[in-house]
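Working notes, structure below.
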Amino acid sequence: MHTFEFVRPADAAAAVAAAARANTAQQGADVRFVAGGTTLLDLMKLNVETPARLIDINRLPLDQIEATPDGGLKIGATVRNADLAYHPVVQRDYALLSQAILSGASAQLRNMATTAGNLLQRTRCVYFRDTAMPCNKREPGTGCPAITGTNRTLAVLGTSEYCIATNPSDMCVAMAALEATIHVQGTQGARAIPFGDFHLLPGSTPHRETVLEPGDLVTHVTLPPPVAGSRQFYLKLRDRASYEFALASAAVVITVAGGNVTRARVALGGVGTKPWRSPEAEAALVGKPANPANFRMAAEAAMRNAKPQSENGFKVELAKRCLAHALTMVSTA
Ligand SMILES: Cc1cc2nc3c(=O)[nH]c(=O)nc-3n(C[C@H](O)[C@H](O)[C@H](O)COP(=O)(O)OP(=O)(O)OC[C@H]3O[C@@H](n4cnc5c(N)ncnc54)[C@H](O)[C@@H]3O)c2cc1C
Ligand code: SF4
(Lines give C-alpha, C1' and ligand atoms only; values in the text may rest on other atoms or scores of the structure.)
(Ligands and ions follow the chains in the order given, each with its own letter.)
Protein backbone atom coordinates (compact mmCIF):
# COMPACT_ATOMS: atom_id res chain seq x y z
CA MET A 1 0.00 0.00 0.00
CA HIS A 2 1.18 3.52 -0.81
CA THR A 3 1.95 5.56 2.33
CA PHE A 4 2.67 9.25 2.59
CA GLU A 5 3.48 11.98 5.07
CA PHE A 6 1.00 14.84 5.54
CA VAL A 7 2.26 18.29 6.53
CA ARG A 8 0.54 21.61 7.28
CA PRO A 9 2.92 24.54 6.73
CA ALA A 10 2.44 27.70 8.80
CA ASP A 11 2.78 30.07 5.87
CA ALA A 12 3.37 30.26 2.13
CA ALA A 13 7.16 30.50 2.53
CA ALA A 14 7.21 27.25 4.52
CA ALA A 15 4.98 25.61 1.90
CA VAL A 16 7.34 26.66 -0.89
CA ALA A 17 10.41 25.46 1.07
CA ALA A 18 8.79 22.07 1.72
CA ALA A 19 7.75 21.64 -1.92
CA ALA A 20 11.15 22.75 -3.23
CA ARG A 21 12.50 19.38 -2.11
CA ALA A 22 10.41 17.69 -4.81
CA ASN A 23 12.12 15.91 -7.68
CA THR A 24 9.77 17.62 -10.13
CA ALA A 25 6.58 19.70 -10.23
CA GLN A 26 5.27 17.55 -13.09
CA GLN A 27 3.93 13.98 -13.34
CA GLY A 28 5.60 11.72 -10.77
CA ALA A 29 6.30 14.47 -8.22
CA ASP A 30 7.24 12.98 -4.85
CA VAL A 31 5.95 16.08 -3.02
CA ARG A 32 2.55 17.58 -3.86
CA PHE A 33 0.45 20.43 -2.58
CA VAL A 34 -3.08 19.34 -1.79
CA ALA A 35 -6.01 21.78 -1.96
CA GLY A 36 -9.52 20.36 -2.52
CA GLY A 37 -8.02 16.96 -3.33
CA THR A 38 -10.65 16.18 -5.99
CA THR A 39 -8.00 15.52 -8.65
CA LEU A 40 -5.03 14.48 -6.54
CA LEU A 41 -6.69 12.01 -4.15
CA ASP A 42 -8.56 10.46 -7.07
CA LEU A 43 -5.27 9.81 -8.85
CA MET A 44 -3.59 8.56 -5.67
CA LYS A 45 -6.35 5.97 -5.24
CA LEU A 46 -5.55 4.79 -8.79
CA ASN A 47 -1.77 4.80 -8.10
CA VAL A 48 -1.31 7.27 -10.96
CA GLU A 49 0.13 9.73 -8.44
CA THR A 50 2.21 8.32 -5.57
CA PRO A 51 3.66 11.29 -3.67
CA ALA A 52 5.62 10.56 -0.48
CA ARG A 53 4.62 13.93 0.99
CA LEU A 54 1.43 15.97 0.83
CA ILE A 55 1.54 19.66 1.78
CA ASP A 56 -1.89 20.85 2.85
CA ILE A 57 -2.34 24.47 1.74
CA ASN A 58 -5.92 24.85 2.92
CA ARG A 59 -4.99 26.89 6.01
CA LEU A 60 -2.87 29.41 4.12
CA PRO A 61 -4.53 32.83 3.69
CA LEU A 62 -5.16 32.34 -0.04
CA ASP A 63 -8.94 32.15 0.00
CA GLN A 64 -9.98 35.73 -0.73
CA ILE A 65 -11.54 37.39 -3.78
CA GLU A 66 -10.56 41.06 -3.90
CA ALA A 67 -10.73 44.03 -6.27
CA THR A 68 -7.37 45.12 -7.68
CA PRO A 69 -6.35 48.82 -7.87
CA ASP A 70 -6.71 48.79 -11.69
CA GLY A 71 -10.35 47.64 -11.48
CA GLY A 72 -9.63 43.95 -12.04
CA LEU A 73 -10.06 40.99 -9.71
CA LYS A 74 -7.65 38.97 -7.57
CA ILE A 75 -8.71 35.37 -6.91
CA GLY A 76 -6.85 33.45 -4.20
CA ALA A 77 -5.51 29.99 -5.01
CA THR A 78 -7.72 28.22 -2.47
CA VAL A 79 -10.94 30.06 -3.33
CA ARG A 80 -13.47 27.27 -3.88
CA ASN A 81 -14.92 26.98 -7.37
CA ALA A 82 -18.46 27.46 -5.97
CA ASP A 83 -17.49 30.64 -4.08
CA LEU A 84 -15.89 32.04 -7.24
CA ALA A 85 -18.84 31.18 -9.49
CA TYR A 86 -21.39 32.78 -7.13
CA HIS A 87 -19.34 35.86 -6.24
CA PRO A 88 -21.44 38.93 -7.18
CA VAL A 89 -18.57 40.69 -8.98
CA VAL A 90 -17.81 37.57 -11.01
CA GLN A 91 -21.47 37.16 -11.91
CA ARG A 92 -21.71 40.82 -12.95
CA ASP A 93 -18.35 41.46 -14.68
CA TYR A 94 -16.98 38.03 -15.60
CA ALA A 95 -20.17 36.10 -16.28
CA LEU A 96 -18.53 33.56 -18.57
CA LEU A 97 -16.20 32.49 -15.76
CA SER A 98 -19.22 31.84 -13.55
CA GLN A 99 -20.99 30.00 -16.40
CA ALA A 100 -17.90 27.88 -17.14
CA ILE A 101 -17.38 26.82 -13.52
CA LEU A 102 -21.06 26.03 -12.97
CA SER A 103 -21.10 23.88 -16.12
CA GLY A 104 -18.42 21.61 -14.63
CA ALA A 105 -18.41 18.69 -12.21
CA SER A 106 -21.13 18.68 -9.51
CA ALA A 107 -22.19 20.99 -6.69
CA GLN A 108 -20.32 18.84 -4.16
CA LEU A 109 -17.11 18.85 -6.21
CA ARG A 110 -17.33 22.61 -6.82
CA ASN A 111 -17.61 23.15 -3.06
CA MET A 112 -14.23 21.41 -2.61
CA ALA A 113 -12.34 22.25 -5.81
CA THR A 114 -10.09 25.30 -5.75
CA THR A 115 -8.87 27.85 -8.28
CA ALA A 116 -5.28 26.53 -8.38
CA GLY A 117 -6.37 22.89 -8.29
CA ASN A 118 -8.65 23.50 -11.26
CA LEU A 119 -5.76 25.09 -13.19
CA LEU A 120 -3.78 21.92 -12.55
CA GLN A 121 -6.41 19.24 -13.04
CA ARG A 122 -5.28 16.29 -15.15
CA THR A 123 -6.56 14.72 -18.32
CA ARG A 124 -9.37 12.16 -18.23
CA CYS A 125 -7.67 9.99 -20.92
CA VAL A 126 -8.54 6.43 -19.86
CA TYR A 127 -5.01 5.14 -20.44
CA PHE A 128 -3.50 7.85 -18.25
CA ARG A 129 -5.74 6.72 -15.40
CA ASP A 130 -4.98 2.98 -15.81
CA THR A 131 -1.53 1.92 -14.59
CA ALA A 132 -1.88 -1.41 -16.38
CA MET A 133 -1.60 0.47 -19.70
CA PRO A 134 1.33 2.29 -21.29
CA CYS A 135 1.06 6.09 -21.42
CA ASN A 136 3.74 8.65 -22.33
CA LYS A 137 2.23 11.22 -20.01
CA ARG A 138 2.27 8.94 -16.98
CA GLU A 139 5.44 7.00 -17.85
CA PRO A 140 7.55 8.77 -20.48
CA GLY A 141 8.70 6.56 -23.33
CA THR A 142 6.07 3.83 -22.95
CA GLY A 143 3.91 4.94 -25.90
CA CYS A 144 0.48 6.38 -26.57
CA PRO A 145 -2.17 3.68 -26.99
CA ALA A 146 -4.87 6.34 -27.42
CA ILE A 147 -3.71 7.19 -30.93
CA THR A 148 -4.79 3.79 -32.20
CA GLY A 149 -7.26 3.10 -29.39
CA THR A 150 -10.01 4.85 -27.46
CA ASN A 151 -9.80 8.52 -28.40
CA ARG A 152 -13.38 9.76 -28.84
CA THR A 153 -13.03 12.38 -26.09
CA LEU A 154 -9.43 13.35 -26.83
CA ALA A 155 -7.93 16.40 -28.51
CA VAL A 156 -7.81 17.52 -32.14
CA LEU A 157 -5.74 20.70 -31.59
CA GLY A 158 -2.19 20.88 -30.24
CA THR A 159 -1.62 17.14 -30.36
CA SER A 160 1.67 15.36 -31.04
CA GLU A 161 2.68 11.82 -31.94
CA TYR A 162 3.44 11.37 -28.22
CA CYS A 163 0.11 12.47 -26.71
CA ILE A 164 -3.37 13.58 -27.78
CA ALA A 165 -4.90 14.07 -24.32
CA THR A 166 -7.47 16.84 -23.83
CA ASN A 167 -7.17 19.43 -21.10
CA PRO A 168 -10.55 18.90 -19.39
CA SER A 169 -11.00 22.17 -17.49
CA ASP A 170 -13.96 24.49 -18.10
CA MET A 171 -12.71 27.26 -15.80
CA CYS A 172 -9.43 27.47 -17.73
CA VAL A 173 -11.21 28.10 -21.04
CA ALA A 174 -12.96 31.12 -19.54
CA MET A 175 -9.71 32.35 -17.99
CA ALA A 176 -7.94 32.04 -21.35
CA ALA A 177 -10.58 34.25 -23.00
CA LEU A 178 -10.44 36.70 -20.09
CA GLU A 179 -6.63 36.92 -20.40
CA ALA A 180 -5.99 36.00 -16.78
CA THR A 181 -2.55 36.06 -15.17
CA ILE A 182 -1.33 33.31 -12.85
CA HIS A 183 0.79 34.37 -9.88
CA VAL A 184 3.33 31.97 -8.45
CA GLN A 185 5.60 32.09 -5.41
CA GLY A 186 8.73 29.99 -5.84
CA THR A 187 12.21 29.57 -4.45
CA GLN A 188 13.40 32.61 -6.45
CA GLY A 189 10.50 34.85 -5.36
CA ALA A 190 7.19 35.74 -6.97
CA ARG A 191 6.42 35.79 -10.68
CA ALA A 192 3.41 36.42 -12.91
CA ILE A 193 2.65 34.11 -15.84
CA PRO A 194 0.26 35.13 -18.64
CA PHE A 195 -2.46 32.49 -18.87
CA GLY A 196 -1.46 31.36 -22.37
CA ASP A 197 2.11 30.62 -21.21
CA PHE A 198 1.17 28.52 -18.17
CA HIS A 199 0.13 25.22 -19.82
CA LEU A 200 2.51 23.46 -22.22
CA LEU A 201 1.78 21.64 -25.46
CA PRO A 202 2.61 17.92 -25.18
CA GLY A 203 5.32 17.83 -27.89
CA SER A 204 7.74 15.01 -27.04
CA THR A 205 7.36 15.63 -23.27
CA PRO A 206 3.65 15.20 -22.42
CA HIS A 207 4.52 14.54 -18.75
CA ARG A 208 5.44 18.26 -18.55
CA GLU A 209 2.07 20.02 -18.46
CA THR A 210 2.91 23.45 -17.05
CA VAL A 211 5.87 25.75 -16.54
CA LEU A 212 5.86 25.06 -12.77
CA GLU A 213 9.13 24.07 -11.06
CA PRO A 214 9.64 22.33 -7.69
CA GLY A 215 8.50 24.63 -4.88
CA ASP A 216 6.23 26.75 -7.08
CA LEU A 217 3.02 27.60 -5.23
CA VAL A 218 0.21 29.21 -7.22
CA THR A 219 -0.88 32.00 -4.86
CA HIS A 220 -3.60 33.72 -6.93
CA VAL A 221 -4.98 34.54 -10.33
CA THR A 222 -5.74 38.06 -11.53
CA LEU A 223 -8.28 39.13 -14.13
CA PRO A 224 -7.91 42.43 -16.01
CA PRO A 225 -10.73 44.97 -15.63
CA PRO A 226 -13.85 44.07 -17.62
CA VAL A 227 -13.92 45.59 -21.11
CA ALA A 228 -16.58 48.32 -21.30
CA GLY A 229 -19.39 47.42 -23.68
CA SER A 230 -18.24 43.82 -24.17
CA ARG A 231 -20.49 40.78 -23.97
CA GLN A 232 -19.39 37.33 -22.91
CA PHE A 233 -20.67 33.78 -22.94
CA TYR A 234 -19.56 30.19 -22.26
CA LEU A 235 -21.19 27.35 -24.17
CA LYS A 236 -20.41 23.73 -23.32
CA LEU A 237 -21.49 20.72 -25.40
CA ARG A 238 -21.27 17.27 -23.82
CA ASP A 239 -22.81 13.81 -23.79
CA ARG A 240 -25.25 14.64 -20.96
CA ALA A 241 -26.51 17.84 -19.43
CA SER A 242 -24.60 17.72 -16.14
CA TYR A 243 -21.66 16.06 -14.40
CA GLU A 244 -19.84 15.56 -17.68
CA PHE A 245 -16.71 16.94 -19.35
CA ALA A 246 -16.90 19.00 -22.55
CA LEU A 247 -16.73 17.41 -25.98
CA ALA A 248 -16.44 20.97 -27.22
CA SER A 249 -16.86 24.31 -25.50
CA ALA A 250 -16.41 27.95 -26.41
CA ALA A 251 -15.68 31.04 -24.30
CA VAL A 252 -16.23 34.32 -26.11
CA VAL A 253 -15.85 37.97 -25.13
CA ILE A 254 -16.77 40.34 -27.94
CA THR A 255 -17.45 44.01 -28.44
CA VAL A 256 -19.75 45.09 -31.26
CA ALA A 257 -20.08 48.73 -32.39
CA GLY A 258 -22.20 49.89 -35.31
CA GLY A 259 -22.85 46.26 -36.22
CA ASN A 260 -19.14 45.42 -36.54
CA VAL A 261 -16.98 43.40 -34.15
CA THR A 262 -14.33 45.74 -32.72
CA ARG A 263 -12.71 43.35 -30.25
CA ALA A 264 -12.85 39.57 -29.81
CA ARG A 265 -11.38 37.06 -27.41
CA VAL A 266 -12.09 33.41 -28.15
CA ALA A 267 -11.05 30.20 -26.38
CA LEU A 268 -12.10 26.60 -26.92
CA GLY A 269 -12.38 23.66 -24.53
CA GLY A 270 -12.71 19.90 -25.02
CA VAL A 271 -10.72 19.97 -28.25
CA GLY A 272 -7.22 21.13 -27.27
CA THR A 273 -4.30 19.63 -25.39
CA LYS A 274 -4.32 22.87 -23.38
CA PRO A 275 -7.02 25.50 -22.82
CA TRP A 276 -7.17 26.71 -26.43
CA ARG A 277 -7.09 30.43 -27.16
CA SER A 278 -7.81 31.02 -30.85
CA PRO A 279 -6.07 34.09 -32.30
CA GLU A 280 -7.21 32.80 -35.73
CA ALA A 281 -10.88 33.15 -34.80
CA GLU A 282 -10.27 36.53 -33.16
CA ALA A 283 -8.53 37.88 -36.28
CA ALA A 284 -11.33 36.55 -38.47
CA LEU A 285 -13.95 38.39 -36.40
CA VAL A 286 -12.45 41.84 -35.83
CA GLY A 287 -13.56 44.51 -38.29
CA LYS A 288 -16.32 42.35 -39.77
CA PRO A 289 -20.09 42.60 -39.40
CA ALA A 290 -21.40 40.52 -36.48
CA ASN A 291 -23.45 38.04 -38.49
CA PRO A 292 -23.80 34.24 -38.74
CA ALA A 293 -21.74 33.98 -41.95
CA ASN A 294 -18.76 35.68 -40.33
CA PHE A 295 -19.19 33.67 -37.13
CA ARG A 296 -18.99 30.50 -39.20
CA MET A 297 -15.86 31.81 -40.95
CA ALA A 298 -14.26 32.48 -37.57
CA ALA A 299 -15.14 28.93 -36.47
CA GLU A 300 -13.59 27.53 -39.65
CA ALA A 301 -10.43 29.54 -38.91
CA ALA A 302 -10.31 28.26 -35.33
CA MET A 303 -10.41 24.62 -36.43
CA ARG A 304 -8.27 24.91 -39.58
CA ASN A 305 -5.33 23.07 -37.99
CA ALA A 306 -7.43 20.35 -36.35
CA LYS A 307 -6.03 16.84 -36.58
CA PRO A 308 -8.76 14.29 -35.91
CA GLN A 309 -8.06 10.73 -34.74
CA SER A 310 -9.97 7.52 -35.48
CA GLU A 311 -12.93 8.24 -33.16
CA ASN A 312 -13.02 12.00 -32.61
CA GLY A 313 -13.44 13.46 -36.10
CA PHE A 314 -16.93 14.62 -35.12
CA LYS A 315 -15.34 17.13 -32.74
CA VAL A 316 -14.11 19.31 -35.61
CA GLU A 317 -17.62 20.15 -36.81
CA LEU A 318 -19.00 20.13 -33.26
CA ALA A 319 -16.46 22.73 -32.13
CA LYS A 320 -17.22 24.91 -35.17
CA ARG A 321 -20.93 24.84 -34.44
CA CYS A 322 -20.28 25.43 -30.73
CA LEU A 323 -18.22 28.55 -31.41
CA ALA A 324 -20.56 29.91 -34.11
CA HIS A 325 -23.54 29.36 -31.81
CA ALA A 326 -21.82 30.99 -28.83
CA LEU A 327 -21.03 34.04 -30.98
CA THR A 328 -24.63 34.21 -32.19
CA MET A 329 -25.97 33.92 -28.64
CA VAL A 330 -23.66 36.62 -27.31
CA SER A 331 -24.34 39.07 -30.11
CA THR A 332 -28.11 38.69 -30.05
CA ALA A 333 -28.65 38.41 -26.27
C1 LIG B 1 -16.20 13.21 -11.06
C2 LIG B 1 -15.54 14.50 -11.47
C3 LIG B 1 -16.11 15.28 -12.46
C4 LIG B 1 -15.50 16.47 -12.84
N5 LIG B 1 -16.07 17.22 -13.83
C6 LIG B 1 -15.44 18.37 -14.25
C7 LIG B 1 -15.96 19.16 -15.31
O8 LIG B 1 -17.00 18.85 -15.90
N9 LIG B 1 -15.28 20.28 -15.66
C10 LIG B 1 -14.13 20.67 -15.02
O11 LIG B 1 -13.55 21.69 -15.39
N12 LIG B 1 -13.61 19.93 -14.02
C13 LIG B 1 -14.24 18.80 -13.63
N14 LIG B 1 -13.69 18.06 -12.64
C15 LIG B 1 -12.36 18.40 -12.13
C16 LIG B 1 -12.38 19.35 -10.97
O17 LIG B 1 -12.72 20.63 -11.44
C18 LIG B 1 -10.96 19.33 -10.39
O19 LIG B 1 -10.76 18.05 -9.79
C20 LIG B 1 -10.74 20.42 -9.37
O21 LIG B 1 -10.88 21.68 -9.94
C22 LIG B 1 -9.34 20.30 -8.77
O23 LIG B 1 -9.23 21.22 -7.71
P24 LIG B 1 -8.72 20.71 -6.27
O25 LIG B 1 -8.58 21.92 -5.43
O26 LIG B 1 -9.59 19.62 -5.75
O27 LIG B 1 -7.29 20.16 -6.67
P28 LIG B 1 -6.33 19.12 -5.93
O29 LIG B 1 -6.77 17.74 -6.24
O30 LIG B 1 -6.13 19.48 -4.50
O31 LIG B 1 -4.97 19.45 -6.69
C32 LIG B 1 -4.84 19.23 -8.09
C33 LIG B 1 -3.38 19.48 -8.48
O34 LIG B 1 -3.06 20.85 -8.27
C35 LIG B 1 -1.93 20.98 -7.42
N36 LIG B 1 -2.17 22.19 -6.64
C37 LIG B 1 -3.29 22.51 -5.93
N38 LIG B 1 -3.17 23.75 -5.44
C39 LIG B 1 -1.97 24.23 -5.84
C40 LIG B 1 -1.28 25.47 -5.66
N41 LIG B 1 -1.82 26.47 -4.96
N42 LIG B 1 -0.07 25.63 -6.22
C43 LIG B 1 0.51 24.63 -6.95
N44 LIG B 1 -0.10 23.43 -7.13
C45 LIG B 1 -1.32 23.24 -6.60
C46 LIG B 1 -1.91 19.70 -6.59
O47 LIG B 1 -0.60 19.41 -6.14
C48 LIG B 1 -2.40 18.68 -7.62
O49 LIG B 1 -1.33 18.27 -8.44
C50 LIG B 1 -14.31 16.87 -12.22
C51 LIG B 1 -13.74 16.11 -11.19
C52 LIG B 1 -14.35 14.93 -10.82
C53 LIG B 1 -13.72 14.11 -9.73
S1 SF4 C 1 -3.18 10.55 -25.07
FE2 SF4 C 1 -1.59 11.18 -23.64
S3 SF4 C 1 -2.51 10.63 -21.66
FE4 SF4 C 1 -3.60 9.43 -23.22
S5 SF4 C 1 -2.45 7.49 -23.48
FE6 SF4 C 1 -1.62 8.92 -24.94
S7 SF4 C 1 0.14 9.77 -23.83
FE8 SF4 C 1 -1.19 8.90 -22.30
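Computed quantities for the displayed model
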{"quantity": "Selection from ALA17, ALA267, LEU40 lying farthest towards where the dipole of the chain points positive, charges on Cβ", "calculated": "ALA267"}
{"quantity": "Solvent-accessible area per residue, Å², over the chain with all protein chains present [probe radius 1.4 Å]", "calculated": "42 Å²"}
{"quantity": "Region 1-102: relative contact order as a whole-number percent, Cα under 8 Å and 6+ apart", "calculated": "23 percent"}
{"quantity": "Under 5 Å, built H, 5+ apart or other chain: amide partners of ASN260", "calculated": "ALA290"}
{"quantity": "Residue-level accessible surface for PHE6, protein heavy atoms, 1.4 Å, Å²", "calculated": "100 Å²"}
{"quantity": "Spin-label zone in region 51-82 - amide nitrogen under 15 Å from a point set 7 Å from the Cα of THR3 along the C-beta vector", "calculated": "51-54"}
{"quantity": "Accessible area of region 91-137 belonging to carbon and sulfur atoms, whole % at 1.4 Å probe", "calculated": "55 percent"}
{"quantity": "Cβ-based charge dipole, region 123-187, positive-most Cα from THR187, ALA132, PRO168", "calculated": "ALA132"}
{"quantity": "Region 47-95 versus region 183-243: alpha-carbon centroid distance in Å", "calculated": "12 Å"}
{"quantity": "Per principal axis, descending, Cα span of the chain in whole Å", "calculated": "60, 51, 35"}
{"quantity": "Solvent-accessible surface ranking, highest first, for LYS274, LYS315 at 1.4 angstrom", "calculated": "LYS274, LYS315"}
{"quantity": "Simple Cβ-charge dipole of region 1-125, Lys/Arg +1 and Asp/Glu -1, about Cα centre, in debye nearest 20", "calculated": "260 debye"}
{"quantity": "Contact order normalised by residue count of region 233-318, Cα under 8 Å, 6+ apart, percent", "calculated": "20 percent"}
{"quantity": "Derived scalar couplings ³J(HN,Hα) [region 52-57; Karplus, 6.51 cos²θ - 1.76 cosθ + 1.60; whole Hz; x for Gly, Pro]", "calculated": "7, 9, 10, 10, 7, 9"}
{"quantity": "Which listed pairs, of LYS137/LYS288; LYS74/LYS236; LYS236/LYS288, have C-alpha distances above 32 Å, in listed order", "calculated": "LYS137/LYS288"}
{"quantity": "Descending semi-axes in whole angstrom, ellipsoid equivalent of region 199-252, from the Cα gyration tensor", "calculated": "27, 22, 12"}
{"quantity": "Sequence of ILE57, ILE65 from largest to smallest accessible area, 1.4 Å probe", "calculated": "ILE65, ILE57"}
{"quantity": "Residues with amide H under 5 Å from that of ALA180, placed H, sequence gap 5 or more", "calculated": "PHE195"}
{"quantity": "Lys, Arg +1 and Asp, Glu -1 on Cβ, resulting dipole of the chain about Cα centre, debye, nearest 20", "calculated": "620 debye"}
{"quantity": "Charged-residue dipole, Cβ positions (Lys, Arg, Asp, Glu), region 240-286 about Cα centre, Debye nearest 20", "calculated": "100 debye"}
{"quantity": "Global geometry of region 133-215, whether rounded, prolate or oblate, following the gyration tensor of its Cα atoms and the 1.5 cut on a/c", "calculated": "oblate"}
{"quantity": "Carbon plus sulfur fraction of accessible area for region 1-60, probe 1.4 Å, in percent", "calculated": "51 percent"}
{"quantity": "Debye intensity ratio in log₁₀ form over the Cα atoms of region 206-305, taken at each q of 0.17, 0.18, 0.19, 0.22 Å⁻¹", "calculated": "-0.92, -0.99, -1.05, -1.19"}
{"quantity": "For region 33-76, radius of gyration divided by Kirkwood radius, i.e. Rg to Rh on alpha-carbons", "calculated": "1.19"}
{"quantity": "Surrounding net charge for LEU157, when Lys and Arg each add one and Asp and Glu each subtract one, Cβ distance under 11 Å", "calculated": "+4"}
{"quantity": "Accessible surface of region 289-333 [probe 1.4 Å, protein heavy atoms]: carbon and sulfur percent", "calculated": "59 percent"}
{"quantity": "Zone of VAL227's modelled label, taken as backbone nitrogen in region 237-279 under 18 Å from a point 7 Å along Cα→Cβ", "calculated": "250-269, 276-279"}
{"quantity": "Gyration tensor verdict on region 1-150 (Cα atoms; rounded if a/c is under 1.5, prolate if a/b is larger than b/c, oblate otherwise)", "calculated": "oblate"}
{"quantity": "Relative contact order, percent, region 269-310 [alpha-carbon distance under 8 Å, six or more residues apart]", "calculated": "37 percent"}
{"quantity": "Fraction of antiparallel bridges per DSSP, the chain only, in percent to nearest 5", "calculated": "85 percent"}
{"quantity": "Mean ellipticity per residue at 222 nm, deg cm²/dmol - from DSSP H runs of n ≥ 4 across the chain, formula -39500 (n - 2.57)", "calculated": "-7500 deg cm²/dmol"}
{"quantity": "Net charge contributed by nearby residues that have their C-beta within less than 11 Å of LEU41 (K/R +1, D/E -1)", "calculated": "0"}
{"quantity": "Distance (nanometres) between label positions extended 7 Å along Cα→Cβ at MET329 and ARG92", "calculated": "2.4 nm"}
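The values are calculated or read from the model by the stated rules, or taken from the named source; none is laboratory data. All of these numbers come straight from a predicted model, not from anything done at the bench. Please note: Cβ atoms are built from the backbone with ideal geometry, for glycine as well, and neighbour counts cover all protein chains shown. Heads up: the accessible areas ignore ligands, DNA and RNA and are worked out on the full protein's heavy atoms, side chains in. Shrake-Rupley method; radii C 1.70, N 1.55, O 1.52, S 1.80 Å.
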